[in-house]
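Everything on this sheet refers to the single structure shown next.
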Amino acid sequence: MDIAGFEATYGKRRGYFGEYLWCAPDKNTVRLILNDKPVASTEISVYQKKWDEGWGRDGTGNGTIPNKPIMTGKTDAEGRYTFENRPVLKEYTTDTGCTLKPNPFGYIDVVGS
């Protein structure tokens, strides 16, 4: 990801820090495999470490994994699950063309928290 970030911003102004993390694809899919076979038609839950998502947000419990999943679903016949895109407080594009937009992780901080 770091190399892809350098390539995405090559020849453009410097000074941003980690903005390439905002270049998450519009569609993100994971494929679950167990013993070389897809984990088909299986209910899954996705959890994410809690982190304050911007000014004025509740920072209580930062760094912990909540009991409630951020999304749930079922894998398909090939063991694939496509993550839901979550909203961000404000969409923003840097001068390097990296855009913070809805993505599976929600607000992506430029330092990766």
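Under the condition of being of a type in the set (S, T, N, Q) and in a loop (DSSP other than H, G, I, E, B), which residue from the stretch 65-78 is most open to solvent (accessible area, probe 1.4 Å)?
Of all residues in the stretch 65-78, those of a type in the set (S, T, N, Q) come to 67, 72, 75.
Narrowing the set further to residues that are in a loop (DSSP other than H, G, I, E, B) leaves 67, 75.
Details: Asn67: 148, Thr75: 7 Å².
Only one residue fits best here, namely Asn67.
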field: Residues of the stretch 79-100 satisfying the condition of being open to solvent by less than 80 Å² (accessible area, probe 1.4 Å), closer than 20 Å to Val30 by Cα and either in contact with a Leu (Cβ under 6 Å, 6 or more places away or on another chain) or not in a strand (DSSP E or B) (or both)
entry: Gly79, Phe83, Asn85
- request: Pull up the stretch 13-32, narrow it to residues that are at pLDDT 85 or above and assigned to a loop (DSSP other than H, G, I, E, B), then point me to the one that is farthest from the chain's Cα centre (by Cα).
  value: Leu32
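Output the residues belonging to the stretch 41-58 that are at pLDDT 90 or above and surrounded by 14 or more Cβ atoms within 10 Å (Cβ to Cβ).
Keep residues of the stretch 41-58 that are at pLDDT 90 or above, which gives 41-47.
Scanning the stretch 41-58 gives Thr42, Ile44, Val46.
The values are calculated or read from the model by the stated rules, or taken from the named source; none is laboratory data. Note that this is a predicted model, so its numbers are computed, not measured. Reconstructed Cβ throughout: ideal geometry from the backbone, glycine too, with neighbour counts over all protein chains shown. Ligands, DNA and RNA are stripped out before the accessible areas are found, and what is left, the full protein with its side chains, is counted by its heavy atoms. Shrake-Rupley method; radii C 1.70, N 1.55, O 1.52, S 1.80 Å.
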